[in-house]
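Notes follow once the structure below has been shown.
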Amino acid sequence: MREAIEALVMEFKQLKRSGEEHVLLAPERLQSLQDAVSHMATHPAEEGKESRPLLKVTRRDQEGPSVFEQSMQDKASLVQEQAPRLTPSESAFPAPPSIELPDGSKQEQWDWLKERVLSCPVCDQNTPRGKRIVYGVGSLDAEVFLCGEAPGADETVKGEPFVGPAGQLLDKIMATAGWTRDELYVGNIMNWRPDTGKRFGNRPPTSEELAFCLPYLKAQVAIVKPKVIIALGKTAVKGLLFGEDNFSLGRVHGQWHEFEGIPVMPTYHPSYLLHNGTNQAKRMVWEDIMQVMEKLGRSISERQRGYFL
């Protein structure tokens, strides 16, 4: 029952975002919804959670389900079939979702996956009110897939990765190598910004959070089919390659690895350069980028080879 109610809530949110303010329900549907809400009120699963109205529900005096009601029934069934299940341990994070891309063009698959991510109950629950789930953007035919860590404050406002100062620096780095942002695909290992319990600061995502979001990242890689993935920062490298923290980014950056059969170049996150802007740090990252250029058969000028020396 709770999963069905959650499905209705997700549908209400989608409708509200699209500008709807009223919903028509047949009397028996309205009564069923009221009974379900009453049951949940007397059997609360969580305490202290704020309740807020989504849409005004209006009685509809006609027989048979409306198109909206049928859509909600279908959504409820879909959530019951596909929503992650908790493991026997009550404190465990939900199991990762199973993603099977539908047939169709790259754009159709990308649109389907975007809807799946934006309506994911777990992503929604971990995204603070007023903030947005972050989904990848860029060319679906990109030869380079830039994989970042978790969204920052700027990204959760716009719902797009790498739009803050680190993203602006990343654009400059890739432009220096000969790519415009429109030619690249940019995504994150995480779909939400991990909660710190404070209004400021960041924290690395847990292994469970990374594991949950990874299937969504894999699906984006499967759609784009890039020739190279650049893993930006330790969290991205951990999620794509190692799964645990027992590695040093200083030792693995600049060395080729593989993810889903695609070459991966680990390197430092642009935010690292914002805090450590020495020529030595810049040169370290630039040498990693030049390896990507060589891998893709791009010419490197003598001037480019001499940057930051």
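The values are calculated or read from the model by the stated rules, or taken from the named source; none is laboratory data. Keep in mind it's a predicted model, so treat the numbers as computed, not measured. All Cβ positions, glycine included, derive from the backbone under ideal geometry; neighbour counts span all protein chains shown. Areas reflect the complete protein model, heavy atoms only, side chains present, ligands, DNA and RNA absent. Shrake-Rupley method; radii C 1.70, N 1.55, O 1.52, S 1.80 Å.
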* **Out of K234, K225, K218, sole residue that is on the phi > 0 side of the Ramachandran plot, of a type outside the set (A, V, I, L, M) and open to solvent by 30 Å² or more (accessible area, probe 1.4 Å)** => K225
* Given the conditions (1) surrounded by fewer than 19 Cβ atoms within 10 Å (Cβ to Cβ); (2) closer than 30 Å to I300 by Cβ, report the number of the one that G167 does not fulfil. => (1)
* **Residues satisfying the stated conditions in segment 178-207, i.e. modelled with pLDDT of 95 or more, over 12 Å from the mean Cα position of the chain (by Cα) and of a type outside the set (K, R)** => G178, W179, T180, D182, E183, L184, Y185
* Structure fact -> Counted residues in segment 239-286 being under 25 Å from E208 (Cβ atoms) and among the small types (G, A, S) come to 4
* Asked: In segment 291-305, which residues are open to solvent by 50 Å² or more (accessible area, probe 1.4 Å) and of a type outside the set (G, A, S)?
  -> Q291, E294, K295, R298, E302, R303, R305
* Has segment 259-274 got at least one residue that is surrounded by fewer than 17 Cβ atoms within 10 Å (Cβ to Cβ) and under 19 Å from A166 (Cβ atoms)? -> yes
* To do: Kindly list, by first and then second residue, each pair from a residue in segment 267-282 that is farther than 23 Å from G239 by Cα to a residue that is exposed (fewer than 12 other Cβ atoms within 10 Å of the Cβ) and not acidic (D, E), limited to pairs with Cβ atoms under 9 Å and residues at least 6 apart or on different chains.
  => N279/L309
* To do: Return the only residue of A236, A219 being touching a His at 6+ places or on another chain (Cβ under 9 Å) and within 25 Å of D111 (Cα to Cα).
  => A236
* Asked: How about segment 112-140: which of its residues are part of a helix (DSSP H, G or I), open to solvent by 30 Å² or more (accessible area, probe 1.4 Å) and within 15 Å of K218 (Cα to Cα)?
  -> W112, K114, R116
